[in-house]
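What follows is a single structure, written as structure tokens, with notes after it.
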Amino acid sequence: MKVSDKLIKKYSKSGPRYTSYPPATFFDSNFSNEDFKKKIIESNNENPQNISVYIHIPFCPQICHFCGCTTESGFTKPFLERYVDAVIKEIDYVGKLINKKRKLTQVHWGGGTPNAISYKFIERITNKLYDEFTFSKNYEMAIECNPAHLEFRHIELLKKFGFNRISVGIQDFRNDVLDAINRKPSKHPISDIIKKIKDEGFTGTNIDLVYGLPLQTVDSFKKTVENAIKLDTERIVTFSYAHVPSILPRQKILENIGFPSSSDKALMYENSYKLFTDAGYVSIGMDHFSKPGDEFEIALKNKQLHRNFQGYCTRETTGQVYAFGASSISQLDSAYSQNIKNAAQYINAIEKNNLAVLRGYSVDKKQKIVRDVINSVMCNYYLDIENIAEKHKSSISEIVDIIDYSEDKFQDFIDDNLLTIDNYKLTIFKKGRLFTRNIAMRFDPLIKQNVGTYSNTI
């Protein structure tokens, strides 16, 4: 699966990550609290009916230089209490707009560092979710944890609160790499943490790695991957570092150290892919790996994998996403809505108006079609235009017109042996997976508008 430097140079350009469509750069500040309220009510009559909840905890004891998330440091206990009160108030307000017959199938806590706050706050918010929503029998409740702040007793508490999946943000096993990005190493051996999670009966464990960071080499990241495999977790994620200092000024600090070249990053990806698949893991999307039999692997096999701001997901489990907390993004069938990013401003808005919308976007029928097309390409490495037409009760010619589809647009990918097209079916080869974002961009009618700043595709 060796990818040549020539191909990397040819296709390395800036582009959306397509965690949403339209991308977040198109979100409009004219989208209001009232607009969001109407969309929540409308969502009760839209599919999927399942409810997914996202809780954002933006606080970190210290800010990692590489991080692209909305984070804050220097928080106090009274301020945290106000923040938690605001999140609970927001849940209460939104929950009353949602049909009680609908089932909650997934809860995801992200940040920031959710496990760095007091666990009594985690319990309070979790209890509010239990009070407000009807949990499905096989719900998933996951939380992102920084191992630098994860004690064994914390794992026990999370299990007691009803969590059944933990995602451990390792990033790299080398302390010098962690130091370069201003991240503390784990308090306890990672192997002991993973063992404790398994012993407590969690149904799933994820670990996150990042490649393309300062001081990483092809060989060093290979060793990181080998160490990750030894942990024997259900899922492993290898994120490509996105350098966008114009959006995240703190990333400029890393430029003084330097980054691996694009070709080295590609080798890190290729080596990771081989090592994980040789170890029995299945490649899921662009950066996820799961064990055979995992719901992600089953969804991919059935070409039913999806993607949102929290990562890959199964549509059946995830449903529509209702997000709570500063900067969090709700993803409904017909709209996106992002909360105010600053925690203090978010609190004030919730205390005053129950909602704290910063910006959003109403998605029309044509954009839903493009969204499904791009989702299929990004998640399943496959596109069947006939299936898209059937789902949206449209003709093939209508779909072709909306996405401006023709084989000629993909001739360069075909010539480079990255994909194949058979009538109205497109299949990306393993060699082409590195260029999935580039391929998806060819279906995006909005890309020509050049709105916003994006990271490089490779």
Exercise for the section: Considering every residue within segment 101-112, establish whether at least one is crowded, with 20+ Cβ neighbours inside 10 Å and among the β-branched types (V, I, T). Expected result: yes
Handout entry: Where a residue in segment 386-399 is over 15 Å from L426 (Cα atoms) and assigned by TED's automatic domain parsing to the domain that holds I421 and its partner, wherever it lies, is at pLDDT 95 or above and of a type in the set (G, A, S), with Cβ under 8 Å and at least six apart
Key = S395/A389; E398/A389
Problem - Selection count where residues are part of a helix (DSSP H, G or I), surrounded by fewer than 21 Cβ atoms within 10 Å (Cβ to Cβ) and among the small types (G, A, S), scope segment 16-62 - result: 1
Practice task
Considering every residue within segment 204-214, establish whether at least one is in a loop (DSSP other than H, G, I, E, B) and either out of contact with any strand residue (DSSP E or B) (no Cβ under 8 Å at 6 or more places or on another chain) or not assigned by TED's automatic domain parsing to the domain that holds S263 (or both).
Solution key: yes
Exercise for the section: Kindly provide the set of residues from segment 165-213 that are surrounded by 20 or more Cβ atoms within 10 Å (Cβ to Cβ) and among the aromatic types (F, W, Y), ordered by number. Expected result: Y211
Handout entry: Residue ID - modelled with the highest pLDDT, chosen from residues in segment 75-98 that are touching a strand residue (DSSP E or B) at 6+ places or on another chain (Cβ under 9 Å) and assigned to a loop (DSSP other than H, G, I, E, B)
Key = I98
Practice task
Count, please, the residues in segment 203-231 that happen to be within 27 Å of G293 (Cβ to Cβ) and of a type in the set (G, A, S).
Solution key: 2
Practice task
Can you confirm whether segment 413-435 contains a residue that is without any contact (Cβ under 8 Å) to a residue 40 or more places away in the chain, part of a strand (DSSP E or B) and aliphatic (A, V, I, L, M)?
Solution key: yes
Handout entry: Output for segment 253-278, where each listed residue is in contact with a Phe, Trp or Tyr (Cβ under 9 Å, 6 or more places away or on another chain) and either small (G, A, S) or assigned to a loop (DSSP other than H, G, I, E, B) (or both)
Key = F259, P260, S272
Practice task
Taking only segment 136-153 into account, find how many residues are touching a strand residue (DSSP E or B) at 6+ places or on another chain (Cβ under 9 Å) and either surrounded by fewer than 17 Cβ atoms within 10 Å (Cβ to Cβ) or β-branched (V, I, T) (or both).
Solution key: 4
Practice task
Looking at (1) assigned to a loop (DSSP other than H, G, I, E, B); (2) of a type in the set (A, V, I, L, M); (3) farther than 22 Å from I257 by Cβ, find the lone condition where V244 falls short.
Solution key: (3)
Practice task
Have a look at I170, I155 and point out the one that is assigned by TED's automatic domain parsing to the domain that holds Q251 and either of a type in the set (D, E) or part of a helix (DSSP H, G or I) (or both).
Solution key: I155
Problem - Those residues of segment 1-33 which are over 17 Å from S328 (Cα atoms) and modelled with pLDDT of 95 or more, in sequence order - result: N30
Exercise for the section: Please find, within segment 303-355, the residue that is farthest from I57 (Cα to Cα) out of those that are surrounded by fewer than 21 Cβ atoms within 10 Å (Cβ to Cβ) and of a type in the set (K, R). Expected result: K303
Practice task
Take the residues in segment 77-114 that are in contact (Cβ under 8 Å) with a residue 60 or more places away in the chain and of a type in the set (V, I, T), then tell me which one is nearest to Q62 (Cα to Cα).
Solution key: V87
Exercise for the section: Determine, yes or no, whether D408 is more than 16 Å from S20 (Cα to Cα), of a type outside the set (K, R), assigned to a helix (DSSP H, G or I) and outside the structural domain of Q310 (by TED's automatic domain parsing). Expected result: yes
Problem - All helices (runs of 4 or more DSSP H) inside segment 298-396 with 1 or more residues being over 22 Å from R102 (Cβ atoms) - result: 343-353, 365-380, 385-391
Handout entry: Matching option when the condition is at pLDDT 95 or above and over 22 Å from D176 (Cα atoms), among Y273, Y281
Key = Y281
Practice task
Can you confirm whether segment 181-193 contains a residue that is among the small types (G, A, S), more than 24 Å from K128 (Cβ to Cβ) and part of a helix (DSSP H, G or I)?
Solution key: yes
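The values are calculated or read from the model by the stated rules, or taken from the named source; none is laboratory data. Treat the numbers as computed from the prediction; the structure is a model and nothing was measured. Every residue, glycine among them, receives a Cβ derived from its backbone with ideal geometry; neighbour counts consider all protein chains shown.
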